[in-house]
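Trainee: Here's a structure for you.
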C-alpha cells in the first residue's frame, strides 16, 4: 500500500497511540487530533521514541467545526482513522447526553468536514457492545444489534449514520471495526493502558493490583453459567488490534465499500483465567474479593473472526500469556502510568 496522509482522531489514547505506531511503521504520515480527555501527550512522545518517526499533534475537539476545517484545509488527507470518543459504560449511564454530544455530534462534525474537503475514506472504532447480550456466541457480524447502554448506543448510532451516508453516496469507503476487549501493551514497555481514575476494565485493574496501587481485584459475580462462574470475554492484544486497522485501511484502498468486521481472538477467557495468567506473567499473587453481579453485565461474549480473516487477511497473533506479559512489562516499568 502506498504511503497515505492520515488524520487520527483520539490518537493519544490507548488504542489510538498503539495504532499510530503501526501506521508510522508502515510508512504513513499522520496528524493526531485529540482533546486529551482520555489520552496523554506522553503517549505520543512514546510513539515517536519507539518508531523514530515524527508525527504532528493538534489539541482540539471533534465538536469544534472551525478546528476541523482548518486541519483539512492545511493538509490533504487521504483518510481518517476515527478513535475519538468517550468510552466508559458506567459514566455513559450517569451522563448519557454527554456521550451522545461528544461521540455522535462529534462524529457528525467530522463527517461534515470530510465531505467539505473531499475525503471519503474512514475507519471507525466501533465496539462489540453494539451486540448487547449476543443471541449466540461466537458473535458474527450479522447478529442483531441491540446495545444496552448509552456508550454502546452512541457507537451504534455512529454505525447507522455511516451506513446511511454510504447508502446515499456509495463512493464512500467505510470500515466499521467492532472491537472486543483490547488489553496488553507495546513490547517496548514504553506505552500501555493508563486509565484516568479507577480502571473500568479488568486487565488494567489486575495490573494495578499487581503493582501495589490497589489492594485487591473486585470480581463481580462468580455464579454465571460459565465454566468457573465468572464472566467470559474475548481479550485481544492492542497491537493485534492496531494491525487490524492497517488491514482495514488496505482493504478500503481496493475501492468504495461499506465493511463491518469483528476484531478479537475468537476465544473466550474468564475473569479467573485472566487473573491466573497475570499471576504467571508477574510472578505475584493477586488477591481478589467476589462481589455481586453488576447490573447489565452479561455472562459470555466472544467473537467469530472468520470474516476478518477471509476479507482482510487478518487474524490475532498474540495469546493471553503474551497480553499479560506485555501489560506487566508496561505497568512494572511505569507503576503510575504516564503520570
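Trainee: Determine the calculated [θ] at 222 nm for the chain from helices alone, applying -39500 (n - 2.57) to every DSSP H run no shorter than 4 residues and normalising by the residue count; nearest 500 deg cm²/dmol. Please report the intermediate quantities before stating the final value.
Mentor: On the way: 12 runs with 129 residues, N = 339.
Value at 222 nm, helices only, nearest 500: -11500 deg cm²/dmol.
Trainee: Still on this model: Grab the alpha carbons of the range 198-251, take their convex hull, and tell me the volume per residue in Å³.
Mentor: Working: hull volume 6.6 nm³, N = 54.
Per-residue hull volume (Cα only) is 122 Å³.
Trainee: Using only the alpha-carbon atoms, how far is helix 320-333 inclined from the longest principal axis of the chain? Give it as 0 to 90 degrees, nearest 10.
Mentor: With rounding to tens, the tilt is 90 degrees.
Trainee: Based on the alpha carbon coordinates of the chain, what radius of gyration and maximum Cα-Cα distance (Dmax) apply, in Å?
Mentor: Cα radius of gyration and Dmax of the chain are 19.1, 56 Å respectively.
Trainee: Another question about this same structure. Could you list 104, 130 in order of exposure, starting from the residue whose Cβ has the fewest other Cβ atoms within 10 Å?
Mentor: 104, 130
Trainee: Any chance you could list P(r) for the range 125-209, counting all Cα-Cα pairs in 5 angstrom bins from zero, rounded to whole %?
Mentor: Pair shares across the bins are 3, 12, 17, 18, 17, 14, 11, 6, 2, 0.
Trainee: OK, next. Just rank 4, 62, fewest to most, by other beta-carbon atoms within 10 angstrom.
Mentor: Result, fewest neighbours first: 4, 62.
Trainee: Out of all DSSP beta bridges with both ends in the chain, state the antiparallel percent to the nearest 5.
Mentor: About 5 percent, rounded to the nearest 5.
Trainee: Taking only the alpha-carbon positions of the range 283-334 and ignoring solvent, what does the Debye formula give for the base-10 log of I(q)/I(0) at q = 0.13, 0.14, 0.21, 0.30 Å⁻¹?
Mentor: Debye intensities relative to I(0), on a log10 scale: -0.66, -0.74, -0.99, -1.10.
Trainee: Once each part is reduced to its C-alpha centroid, what is the distance from the range 268-319 to the range 3-72 in angstrom?
Mentor: One Cα centre to the other: 28 Å.
Trainee: Using the Cα atoms of the range 237-339 to build a convex hull, what is its mean projected area in square nanometres?
Mentor: Working: hull surface 36.9 nm².
The directionally averaged projection comes out at 9.2 nm².
Trainee: Between residue 196 and residue 37, what length in nm is gained on full extension when 0.36 nm per residue of separation is reduced by their alpha carbon distance? It would help to have the intermediate numbers written out before the result.
Mentor: Details: separation 159, 0.36 × 159 = 57.24 nm, distance 0.90 nm.
Value of the extension gain: 56.3 nm.
Trainee: On to the next question. Report for the range 185-339 the percent antiparallel among DSSP-assigned beta bridges with both residues inside it, nearest 5.
Mentor: On the way: 3 of 9 bridges.
Antiparallel bridges: around 35 percent, rounded to the nearest 5.
Trainee: Over all Cα pairs of the range 218-274, how is the pair count split among 10 Å bins, expressed in % and running from 0 up to the last occupied bin?
Mentor: Spelled out bin by bin, the range 218-274 gives 20, 34, 24, 16, 6 percent.
Trainee: Still on this structure, please answer the following. Rounded, prolate or oblate: which fits the range 9-131, taking a ≥ b ≥ c as square roots of the Cα gyration tensor eigenvalues, rounded meaning a/c under 1.5, else prolate when a/b beats b/c?
Mentor: Oblate, because a/c is 1.5 or more while a/b does not exceed b/c.
Trainee: I've got another one for you. Which stretch or stretches of the range 55-82 have amide N atoms under 19 Å from the point lying 7 Å from residue 97's Cα along the Cα→Cβ direction?
Mentor: 63-64
Trainee: For the range 78-150, what D do you get in µm² per second when you plug the Kirkwood radius from alpha-carbon pairs into Stokes-Einstein at 25 °C and 0.890 mPa s?
Mentor: After rounding, the answer is 176 µm²/s.
Trainee: Which log10 I(q)/I(0) values does the range 167-298 give at q = 0.11, 0.21 Å⁻¹ under the Debye formula, counting every alpha carbon as one identical point scatterer?
Mentor: For the requested q values the scattering log ratios are -0.51, -1.29.
Trainee: OK, next. Over the range 192-339, calculate the relative contact order: mean separation of alpha carbon pairs under 8 Å at least 6 apart, over the residue count, as a percent.
Mentor: Averaging sequence separation for qualifying contacts and normalising by length gives 37 percent for the range 192-339.
Trainee: Rg over Rh of the range 52-198, using C-alpha atoms and the Kirkwood radius, what does it come to? Could the numbers behind the result be given before it?
Mentor: Numbers: Rg = 16.5 Å, Rh = 16.9 Å.
Result: Rg/Rh = 0.98.
Trainee: With each label point set 7 Å from Cα along the Cα-Cβ vector, what nm distance links residue 169 and residue 289?
Mentor: It is 5.4 nm.
Trainee: A follow-up question, please. Based on other C-beta atoms within 10 Å, arrange 314, 328 from fewest to most. Show your work: numbers first, answer last.
Mentor: On the way: 314 21, 328 24.
Lowest to highest Cβ neighbour count: 314, 328.
Values quoted throughout were computed directly from the atomic coordinates according to the rules given, and no laboratory measurement underlies them. It should be emphasised that the depicted structure is a prediction, and the values quoted were computed from it without experimental measurement. In this analysis, Cβ positions are derived from the backbone assuming ideal geometry, glycine residues included, and neighbour counts consider all displayed protein chains.
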